[in-house]
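Data block below; observations after.
The values are calculated or read from the model by the stated rules, or taken from the named source; none is laboratory data. Fair warning: this is a prediction, and the values are worked out from it, not measured in the lab. Cβ placement follows ideal geometry from the backbone for every residue including glycine, while neighbour counts extend to all protein chains displayed. The accessibility values were calculated without ligands, DNA or RNA, using every heavy atom of the protein model including side chains. Shrake-Rupley method; radii C 1.70, N 1.55, O 1.52, S 1.80 Å.
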Amino acid sequence: MNIAVIGTGYVGLPAGAGFASHGHNVTCVDIDEEKVEKINSGECPIYEEGLPELLQEVVSKGKLEATTDTITAVKNADIVLLAVGTPMDKEGNINLDYIEKASKDIAEGMKEREEHQTIVIKSTVVPTTTEEKIIPILEQSGKKPGKDFGVCMNPEFLREGTALKDFLEPDRIVIGELDEKSGDNLEKIYSEFDAPIMRTGLKEAELIKYASNSLLATKISFINEIGNLCKELGIDVYDVADGVGMDHRVKRDFLDSGAGFGGSCFPKDVRALIKFMEDKGEEPRILQDTINVNVDQKTKLVEQLQNHYSDLSGKKIAVLGLAFKPGTDDIRQSPAIDIIAELKELGAEFKAYDPKAIENMKQKHPEIEYTSSYQEALKEADAGLILTDWEEFNEISREELKKMNKALILEGRRMSYELDGENRQGVTWP
Ligand code: UGA
């Protein structure tokens, strides 16, 4: 099938490359010319495991190409996947500017096509957006939804860092459909996937995405709240999580306690669902507390640092890990941002290190000293804070601790290096 993918971010590009690897002809569309050129030369514009290799393969086989020309790409496509970003505005609403612009361009392309085609919303949008905001724009093509063209809402559950694997091996594929023909058309491009397919309505699919992310975020805040109690009791929250997670009704996944959740999805999606519920006259109590616990959790380590130094001014702190999780250079909503801000306020000095995310953090904090290794950051530091569980931090050794002013490491993420005892403490474990 001919597929057009509008937006080449963390959702669009893995989806485009994935469908191309299943034999479909994919055209990726982006407004960024530099990105388009990169893709066409087989270069991957984002950091995602396995994606550079697959992209190069499908581009060289002629199964995937990129363009800035939405109209032509849409005209030629049996299926159009809309995968542009939905950032958050100040009130917590999703900003639909990109969606609206892309939908207008899609409508223009639809005018040029005679055959039936199916427009698929992959972007994360709150319930009713597809029906009330997107379909009316698509109708500007002069065509009738459910008759001249199909509409589906097909949320994506992939994680940054493992986006390609998650795309190719999903737990489930959710197809929200305007009518049966729309869903049947979309289902065809998933024929090679080994995953259960759930067919449902548009609003249900929209909410499945938000409810999934909100439940996962709530699991994390829940275990962090239990973890704060564990810290008081001097016990290990990971033992508690293991015991709880052995119940198949709960599952152990997403019960790793630490410095709170970050990234471009959980904080934004939970807030958007809260705002949406409030607009509908509902009171989102659990979700509000999921956010409140998370906000406090992010700077718990600073409080714990103050147990060691009542005055942090002039203290040299090594910040190890800036990305919101390992395997990515993304710092959006990363606990490191809040911790750096708080340490600055308290007059601490710091050196920061991350294997991938320094360039991104430099744009936010050009004034900070960055080092090219974690060893360098730890040298002569009064304490080290581990904020991202990069594998390399598991190599921290007694030798490196000896070079610190005070051998003290506080972990915001659970690490598995060998050192034990006084030198090492966790945010929610001893
Ligand atoms: C998340 C979801 O996991 C995906 O299913 C979803 O598709 C995606 O959002 C999205 O909506 O696009 P992502 O934000 O890439 O994916 O990252 P996660 O691996 O879920 O981690 C999010 C944050 O939670 C990280 O800061 C991580 O360190 C933290 N986390 C995760 C914990 O603190 N504890 C855990 O047990 C798991």
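Data table
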| item | result |
| --- | --- |
| Normalised contact order of region 135-292, rounded percent, pairs of Cα under 8 Å and 6 or more residues apart | 18 percent |
| Region 56-169: C-alpha gyration tensor shape, a/c 1.5 cut-off, then a/b vs b/c | oblate |
| Percent RCO, i.e. relative contact order, over region 227-368, from Cα pairs under 8 Å lying at least 6 residues apart | 21 percent |
| Per-peptide average of other Cβ atoms within 10 Å, ordering 325-334, 37-46 highest first | 325-334, 37-46 |
| Carbon + sulfur, % of accessible area of the chain - ligands and nucleic acids excluded, 1.4 Å | 47 percent |
| Size descriptor, Kirkwood hydrodynamic radius, that averages inverse alpha-carbon separations across the chain, Å | 23.2 Å |
| Cα gyration tensor shape of region 1-110, rounded if a/c is under 1.5, else prolate or oblate by comparing a/b with b/c | oblate |
| Probe 1.4 Å, protein heavy atoms only - accessible area per residue of the chain in square angstrom | 45 Å² |
| Region 30-92 shape via C-alpha gyration tensor axes, a/c threshold 1.5 | oblate |
| Cut-off under 5 Å, modelled amide H: who pairs with Gly150 long-range | Gln117, Thr118, Ile119 |
| At 0.692 mPa s and 37 °C, Stokes diffusion of region 175-274 via Kirkwood alpha-carbon radius, µm² per second | 204 µm²/s |
| Of every Cα-Cα pair in region 87-234, the percent that sits beyond 22 Å | 49 percent |
| Solvent exposure ordering (accessible area, 1.4 Å, most first) of Val240, Val319 | Val240, Val319 |
| Computed [θ] at 222 nm, deg cm²/dmol, the chain (DSSP H ≥ 4; -39,500 (n - 2.57); rounded to nearest 500) | -12000 deg cm²/dmol |
| Cut-off under 5 Å, modelled amide H: who pairs with Arg159 long-range | Asp166 |
| Tally of Lys pairs whose C-alpha atoms are under 20 Å apart, taken over region 355-430, 8 or more apart or cross-chain | 4 |
| Built amide H within the under 5 Å cut-off of Arg424, gap 5+ | Ile409 |
| Overall Cα dimensions of region 343-399 - principal axes, largest extent first, Å | 30, 24, 16 |
| Proximal aspartates and glutamates relative to Lys143, as straight alpha-carbon distance under 19 Å, when same-chain residues fewer than 8 apart are discounted | Asp78, Glu100, Asp105, Glu108, Glu112, Glu114, Glu115, Glu131, Glu132, Glu177, Asp179, Glu180 |
| Above-threshold pairs, the threshold being 24 Å between Cα atoms, out of Lys144/Lys275; Lys188/Lys209; Lys35/Lys298; Lys61/Lys325; Lys63/Lys147 | Lys144/Lys275; Lys35/Lys298; Lys61/Lys325; Lys63/Lys147 |
| Given charges at beta-carbon only (K, R positive; D, E negative), |dipole| of the chain in Debye | 340 debye |
| Selected from Gln425, Leu385, Ile368, residue furthest toward positive end of dipole (region 361-430; charges at beta carbon) | Ile368 |
| Region 333-430, relative contact order in percent, only Cα pairs under 8 angstrom and at least six apart counted | 21 percent |
| Intensity falloff of region 292-430 expressed as log10 I(q)/I(0), Debye formula with alpha-carbon point scatterers, at q = 0.15, 0.16, 0.19, 0.21 Å⁻¹ | -0.65, -0.75, -1.11, -1.41 |
| Among Asn213, Val319, Ala336 - extreme Cα towards positive end, dipole of the chain, charges at beta-carbon | Asn213 |
| Packing-based ranking, highest mean first, of 183-196, 276-289 given that Cβ atoms within 10 Å are counted | 183-196, 276-289 |
